[in-house]
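Down below is the structure, laid out as structure tokens.
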Amino acid sequence: MSANTLTERYVHEVVRRVPADQRAEIGDELRATIADALEGRGADERAVLAEMGDPIRLAARYADRPLSLVGPELYPAYVRLLTVLLSTVLPLVAVLAAALAVLDGGDAGAAIGSGVGALITVGAQMIAWPTVVFALVERSRYRDRVVRDAGSWTPDDLPPLRNRDERAVGAAASVAWNILLLGLIVWQHVATPLEHAGREAEVLDAGLWSGWIWPILAGLVALSAIELVRIAVRGWTVRLAVWTVAAEALFALPLAWVLYREAFFDPAFLAEVKVLDGFYTVTALGVLAVSANRVLQRFRAARG
């Protein structure tokens, strides 16, 4: 059976939501059930999956997780709404809050504080209020109407699967980028490619080599090593995702701090290239946001 058939996509959506030690057994059971239905009733694949229903609801039954606060009919819509809010809307709100702080004349610390504050406060609201609304609807007389209006699940809603070759290519590209970045940092230190006021100079502040550059370089090496392990084990695990947190912190936190202190570029480089107002603040926030997003993606991949 093709790895990207509707059946395999359906099974994947179910088993990634159940405990890891049950995934193989439940996956085999689901494939057998679907195969029996296809053979015994003569129905097509799409019709069988539509009859089996939303994979989120089926996974909840397999995992024996009571969905009492938000019932099984509304739970899939509830999960998908939270996913959109937390993965798309919340990061935009945090970036907007940081940008507004900069426009109001705040420094990098104020911008970072505004962005983090928005992530915490707005994120909590995005979880709390939809939960309250769905719980009230679950217990109201309009529940059936809301379920009807939300639309029924169909096999067309299944996301495509990424094959192992695609994941390996992505990991290899990430390793190549980290190695290239590390090489450029070392090269500009050794080659001192700039000349200013009669002296050779680096692109980055030479003072970084007395301290802050080392955790940044160590973080790049650690991130590359984790990606190589990921290729070897053919996917993300929770343990690898946890190690990614440490590696990203080792790389991103010192880098963001150096940018916040405006101690990133050598004065010789700044004499040749004008840095726009707000560059350091926006870049520091961008480094933190990209690292946080990568960590979330790793944990999501480990679950799936």
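FRET efficiency for the pair R80 and D36, taken as 1/(1 + (r/R0)^6) with r the Cβ-Cβ distance and R0 = 25 Å, rounds to 0.25.
Working ranking of peptides 239-245, 220-226 by packing, defined as the average number of other Cβ atoms within 10 Å per residue, highest first, is 220-226, 239-245.
Across segment 287-292, computed HN-Hα scalar couplings (Karplus, 6.51 cos²θ - 1.76 cosθ + 1.60, θ = phi - 60°) run 4, 5, 5, 5, 5, 4 Hz from first to last residue, x flagging Gly and Pro.
Would you mind checking which residues have amide H under 5 Å from A201's amide H? H placed 1.01 Å from N; only 5 or more apart, or other chain. Amide H to amide H, under 5 Å and 5 or more residues apart or across chains, A201 pairs with L194, E195, H196.
Using R0 = 22 Å, the C-beta based FRET efficiency linking F279 and V221 works out to 0.25. As a rough guide to protection, the peptides 259-265, 297-303, 9-15 ranked by mean Cβ packing within 10 Å, highest first, stand as 9-15, 259-265, 297-303. Between L100 and V229, the FRET efficiency estimated from the beta carbon spacing at R0 = 45 angstrom works out to 0.65. Which whole-number percent gives the relative contact order of segment 159-303, counting Cα pairs below 8 Å spaced six or more residues apart? Computed value for segment 159-303: 28 percent relative contact order. Using just the C-alpha positions of segment 208-288 as equal point scatterers, what log10 of I(q)/I(0) does the Debye formula give at each q in 0.15 1/Å? For the requested q values the scattering log ratios are -0.63. Would you work out what percent of the accessible area of segment 6-63, with all protein chains in place, is carbon or sulfur (probe 1.4 Å)? So the carbon and sulfur contribution to the accessible surface is 46 percent. Averaged per residue, segment 159-303 has 59 square angstrom of accessible surface, using a 1.4 angstrom probe with ligands and nucleic acids left out. Share of pairwise Cα-Cα distances greater than 15 Å in segment 6-63 is 42 percent (whole percent).
Give, as a single signed number, the net charge of other residues whose beta carbon lies under 9 Å from the beta carbon of R16, with Lys and Arg counted +1 and Asp and Glu -1.
After counting each charged neighbour, the total is +2.
Quarter the surface of the alpha carbon convex hull of segment 159-303 and you get the mean projected area, 10.0 square nanometres. Each residue of segment 120-132 was assigned a 3J(HN,Hα) from its phi angle through the Karplus curve 6.51 cos²θ - 1.76 cosθ + 1.60 (θ = phi - 60°); the sequence is 6, 6, 5, x, 4, 5, 5, 7, 5, 5, x, 4, 4 Hz, with glycine and proline shown as x.
The values are calculated or read from the model by the stated rules, or taken from the named source; none is laboratory data. Please read all numbers here as calculations on a predicted model, not as lab measurements. All Cβ positions, even for glycine, are placed from backbone atoms using ideal geometry, and neighbour counts span all protein chains on display. These area figures cover heavy atoms from the full protein model, side chains too; ligands, DNA and RNA do not enter into them. Shrake-Rupley method; radii C 1.70, N 1.55, O 1.52, S 1.80 Å.
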